[in-house]
């Protein structure tokens, strides 16, 4: 006689819980093959999956090269190291070009990154600010 029968406990891989857990046998395919089981944890019924046969499928071996992301502080440190020339004090009336070093009373040293209309985008040590210039 088979050691498996409907109503007995068995360990099966649960497709909902994604774990090998205790299940109750619901149906048998034949005298020695389990058909369906009922999960004692999540209460779902599914096809019996032998936990010793469960292996995770690997979809692909390709690995994407991830873009290196820098924090504002790291980017600022890199840009300050590359910068040349003397820093200009920031004023609304001042005219600044991309790459200029700026000294701001509140935000400290920064580097002009871009022109956007009548404003400049300046990279400071802890943040990027959009400030008015050339007024």
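The values are calculated or read from the model by the stated rules, or taken from the named source; none is laboratory data. Note that the coordinates shown come from a computational prediction; the quantities given were computed from them, not determined experimentally. Note that we place each Cβ from the backbone using ideal geometry, even for glycine, and neighbour counts take in every protein chain shown.
Quick look at the numbers
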{"read-out": "Qualifying position, being surrounded by 13 or more Cβ atoms within 10 Å (Cβ to Cβ), under 21 Å from residue 131 (Cα atoms) and at pLDDT below 90, among 112, 72, 10, 120", "value": "72"}
{"read-out": "Only listed residue being within 31 Å of the chain's Cα centre (by Cα), in a strand (DSSP E or B) and at pLDDT 90 or above, chosen from 129, 36", "value": "129"}
{"read-out": "In region 18-41, the residues that are touching a strand residue (DSSP E or B) at 6+ places or on another chain (Cβ under 7 Å) and under 17 Å from residue 53 (Cα atoms)", "value": "20, 21, 22, 23, 34, 35, 36, 37"}
{"read-out": "Single unsatisfied condition, residue 51 versus (1) at pLDDT 85 or above; (2) surrounded by 11 or more Cβ atoms within 10 Å (Cβ to Cβ)", "value": "(1)"}
